[in-house]
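The values are calculated or read from the model by the stated rules, or taken from the named source; none is laboratory data. Please read all numbers here as calculations on a predicted model, not as lab measurements. Backbone-built Cβ (ideal geometry, glycine too); neighbour counts: all protein chains shown. Quick note on the areas: whole protein, heavy atoms, side chains included, nothing else; ligands and nucleic acids left out. Shrake-Rupley method; radii C 1.70, N 1.55, O 1.52, S 1.80 Å.
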Amino acid sequence: MQNFEKLGAFYLGRRLEPSSGDRLDELVLYDSKDLTTHAAIIGMTGSGKTGLGIGLIEEAAMDRIPVLAIDPKGDLGNLLLTFPQFKGAQFEPWVDPHAAAEKGLSTSEYAEAQAALWKKGLAGDGQSPARVKQLKANCDFAIYTPGSQSGMPLAVLGELSAPTAEVRQDPDVYNDLVEGSVTGILSLLGIEADPVTSKEHILVSNVLRDSWNNGLSLDLAGLIAAIQNPSFKKVGVIDVDTFYPAKERFALAMQINNLLAAPGFEAWLQGPSLDIDKLLYTAEGKPRVCILSIAHLDDRERMFFVTMLLNALLAWMRRQSGSSALRAMLYIDEIFGYMPPVANPPSKKALLTLLKQARAFGLGLVLSTQNPVDLDYKGMSNMGTWFIGRLQTERDKKRLLDGLNSVGGDIAQGTLSSLISDLDKRCFLLHNVHEDGPVLFTTRWVMSYLAGPLSRAQIAKLTPAGQTPAQQPTASQKIQAAPAAAAPVLEPGVRQTWLGAGRMRREGETVSYQPAVYANLTVTYTNARAKIDETESFSLLVEMDESDAAPFWDEAQQCTTESLQFFDKPAAGASFAPCPSAMVSAANHKVWQQKLAGWIRTDRPLKLLKSDAMKSISRAGESERDFRIRLQQIGNEQRDIAIGKLRESYANKVARLEDRLISAEQALDREGEQASSSKLDTAMSIGTALLGAFLGRKRLSTTSVSRAGTAVRRAGNMRKQAGDVRRAEEKVAQIEQDIEALKDQCESEIKALAEAYDAQRDELEEVLVRAQSRNIRINAFGIAWRPVYHPADT
């Protein structure tokens, strides 16, 4: 069987002969790079499109490509049902008892039969239990259930986190993020708000932008307070109270409050945040197939979640470097309602933007639907691959043809109609703009057991207990010092600043401040031999007790400067914890700065990781997890280039051998023809000589002897030509063997490349770079007062 375990190639199934529908031995391998121009899967119910989608996701996982899979129907959870041992007991919890009863079998008997069926089906497509095991080894699989605790919940509304300074400095990204977040929230309230004309949208956008501009995150309680009492006075050039009177703002705030107080809403506030990077990769950097199950949500909640997810994905995408290789995949199992051709739901703008821009970043979208009329024309024109199953109506076919023509698919309507009209289940027409023509194929057997839509109870079984991370208290929340009403008196020369808490202060809360030694530094680390020139800007915060004579820098909390909010005065009505006596001395601060510079030089080297295989060194502040993720992307790109060169080299060698094979086959044909002719001539010569001798005379005449001699010579020639034929056949066979040997050698070298460019297996070397004194600059040093908020009743 043809080898399908090729890097960058997705094994989809086998070709079909168009006229007869017969299954051929030729495999259908899809180049993963082609998916960066996106794909659509279209087919009526029962066409097998979900199975095709699961097969695509499995192939991405085999290639260590992370996937975000939006699951409106509950089918994609089947991706967690992989059982390499094919034991009936493993299948039993997931088989349908009604299906077992219909066949007159017990549940356990039916499970054994399903296990045997799956093993046989996979074997028929050349897939072994080892491949199923490898699938689970290459990727992590997890089900998230926003708005529910059945699987892993997602804190979609736990906090509207302030975007990074990098995002805020990009007007297009920032505006889209604000607009998408506000549109999503209002859609959850049932408010269809136009960003330009809706007062609700404009007000909440201004509230969110005002908070984010100051680096402050907002939770729903903070959003409610900010809507009632905005910190800004004008919207545009009009006073806030004129634009949106206080009474109406209170009514909007009450709508959000009612949502917050609704039974079961707390599930939207629990679990990890909507962080795309952490959804796509584990803490160790292993790629993940992240299934986002939304089957349990109503239409309004689904629209809210999909909109928030797509906008978060856009913000993540624009922080990535450009890539020609497939970096990640977004799969939507049913696109209906999210990108319609006429209406403009909140999700549509984000989807169209992704379809236009994601290619440059290596992000591929796969959109599945029953009906081509569910897709916007602009979206259809940005799809390079179409998987077409059986369609219901001629109108669907016409719409589909228009879409194919919009991407350069020059296919006659009659040809297309005849190809797809009689398709069976699991049979698809593949039209790829990167290939010469359409391909008719049947999908391979998927490795995941297709149990059908999973219930919440079944999803809960697939979610290990304790996966939801507990909320850890911040450092400022751990401090419980007795506050005083006034700030301590500091010696002249001691600088002080007041920090923000990272969120808005809620109504009724009091605030107390805790002191810490604060330093802001810029340090440059250089190593000419290793070609390292990295500059880090960071802040250090160290808490001290009264018994401490100096700060212990080894215990310092390091943070980025942009993560801190600075104020030139404390909040009104705040109280202050006592300041250790050593901390108020200006002389101490001068000594501490000198000690800090020495500590940076000797005890705080820049720790980088080096990959000899990829010839790359990590960046300052880049974790091993993030470095391995970046290495995998570098490896994928280098791998694709190396494989392309390797295949081109072997293709030239094979082409030369094939030319020799053609010549050898032509020579074999000639030798065969000559041998056949010689046999005939020899037989005629011998026959003539014998006949003449037998019929003409009693004695052999000179002529008869001559004829007999000629016959003998021709017999000798015949034996020689038979040898020539044999040698020609051996030459043809040898060349064919050489061609197969070259192909095997090529595949062997490609397999070796897979291991060479596997970032997860790469042995990383730690590189320590120490800073020189002249490259250490202390920008600010003093006391930072850190706020702690207290509820009104404490």
| said: Quick test of your reading of the structure: GLN149 fulfils all but one of (1) buried (at least 21 other Cβ atoms within 10 Å of the Cβ); (2) under 30 Å from ASP275 (Cα atoms). Name the failing condition by number. | reply: (1)
| task | Could you tell me whether any residue of the range 703-713 is at pLDDT 85 or above and over 45 Å from the mean Cα position of the chain (by Cα)? | result | no
| task | Test ALA577 against the criterion of being modelled with pLDDT of 85 or more, over 18 Å from LEU540 (Cβ atoms) and exposed (fewer than 12 other Cβ atoms within 10 Å of the Cβ), and give yes or no. | result | no
| said: Condition first: in a loop (DSSP other than H, G, I, E, B) and open to solvent by 50 Å² or more (accessible area, probe 1.4 Å). Now tell me which residues in the range 503-519 satisfy that. | reply: MET504, ARG505, ARG506, GLU507
| request: Kindly provide the set of residues from the range 754-776 that are in a loop (DSSP other than H, G, I, E, B) and over 18 Å from ARG628 (Cα atoms), ordered by number. | output: ARG770, ALA771, GLN772
| Residue, modelled with the highest pLDDT, within the range 398-435, restricted to residues that are open to solvent by 10 Å² or more (accessible area, probe 1.4 Å), among the aliphatic types (A, V, I, L, M) and within 27 Å of the chain's Cα centre (by Cα) | LEU430
| note | Contact list, first residue from the range 736-751 and among the charged types (D, E, K, R) and part of a helix (DSSP H, G or I), second anywhere and open to solvent by less than 80 Å² (accessible area, probe 1.4 Å) and at pLDDT 85 or above, beta-carbon distance below 9 Å, six or more apart or interchain, is LYS743/TYR650; GLU749/LEU646; GLU749/TYR650
| note | Taking the range 176-205 and the residues there that are more than 18 Å from ARG302 (Cα to Cα) and touching a residue at least 60 places away in the same chain (Cβ under 8 Å), the one that is surrounded by the most Cβ atoms within 10 Å (Cβ to Cβ) would be LEU177
| remark: Among helices (runs of 4 or more DSSP H) entirely inside the range 118-226, those with 2 or more residues being of a type in the set (Gly, Ala, Ser) and touching a helix residue (DSSP H, G or I) at 6+ places or on another chain (Cβ under 6 Å) are 171-188
| query | Inside the range 734-783, can you point out the residues that are over 25 Å from SER611 (Cα atoms) and among the β-branched types (Val, Ile, Thr)? | reply | ILE735, ILE739, ILE776, ILE778, ILE783
| With respect to ALA283, is the statement that it is at pLDDT 90 or above, loosely packed, with under 15 Cβ neighbours inside 10 Å, under 27 Å from the mean Cα position of the chain (by Cα) and of a type outside the set (Val, Ile, Thr) true? | yes
| Boolean, LEU608 is at pLDDT 90 or above, farther than 18 Å from GLN496 by Cβ and either open to solvent by less than 30 Å² (accessible area, probe 1.4 Å) or part of a helix (DSSP H, G or I) (or both) | yes
| field | Tally, over the range 206-219, of residues that are surrounded by fewer than 20 Cβ atoms within 10 Å (Cβ to Cβ), under 32 Å from the mean Cα position of the chain (by Cα) and at pLDDT 85 or above | value | 2
| query | without any contact (Cβ under 8 Å) to a residue 24 or more places away in the chain and within 30 Å of LEU12 (Cα to Cα) - does that describe any residue in the range 128-143? | reply | yes
| Looking at the range 749-794, which of its residues are basic (Lys, Arg) and open to solvent by 60 Å² or more (accessible area, probe 1.4 Å)? | LYS751, ARG761, ARG770, ARG774, ARG777
| query | Given THR526, THR522, THR602, THR497, which one is in contact (Cβ under 8 Å) with a residue 12 or more places away in the chain, in contact with a Ser or Thr (Cβ under 8 Å, 6 or more places away or on another chain) and either open to solvent by 50 Å² or more (accessible area, probe 1.4 Å) or part of a strand (DSSP E or B) (or both)? | reply | THR522
| field | For LYS278: the one exception among (1) free of Cβ contacts under 8 Å to residues at least 24 places away in the same chain; (2) touching a Pro at 6+ places or on another chain (Cβ under 7 Å); (3) part of a loop (DSSP other than H, G, I, E, B) | value | (3)
| message | With under 30 Å from ARG64 (Cβ atoms), open to solvent by less than 70 Å² (accessible area, probe 1.4 Å), modelled with pLDDT under 85 and of a type outside the set (A, V, I, L, M) as the only criterion, which of ASP640, ASP626 stands out? | response | ASP640
| remark: Within the range 19-30, the residues that are at pLDDT 90 or above and open to solvent by less than 60 Å² (accessible area, probe 1.4 Å) are LEU27, VAL28, LEU29, TYR30
| remark: Within the range 238-265, residues being buried (at least 16 other Cβ atoms within 10 Å of the Cβ) and of a type in the set (Asp, Glu) number 0
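The rows are residues; the columns are (1) touching a Gly at 6+ places or on another chain (Cβ under 9 Å); (2) open to solvent by 30 Å² or more (accessible area, probe 1.4 Å).
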{"site": "ALA101", "(1), (2)": "no, yes"}
{"site": "GLY104", "(1), (2)": "no, yes"}
{"site": "SER108", "(1), (2)": "yes, yes"}
{"site": "ALA113", "(1), (2)": "yes, yes"}
{"site": "GLY121", "(1), (2)": "no, no"}
{"site": "ASP125", "(1), (2)": "yes, no"}
{"site": "ARG131", "(1), (2)": "no, no"}
| Going through the range 64-89 one residue at a time, which ones are farther than 17 Å from ALA451 by Cβ and crowded, with 20+ Cβ neighbours inside 10 Å? | ILE65, PRO66, VAL67, LEU68, ILE70, PRO72
| task | Considering only the range 438-455, state which residues are open to solvent by 30 Å² or more (accessible area, probe 1.4 Å) and either at pLDDT below 90 or hydrophobic (A, V, I, L, M, F, W, C) (or both). | result | PRO438, TRP445, LEU450, ALA451
| When only residues in the range 611-623 that are under 13 Å from ASP758 (Cα atoms) and of a type in the set (Gly, Ala, Ser) count, which is surrounded by the fewest Cβ atoms within 10 Å (Cβ to Cβ)? | ALA613
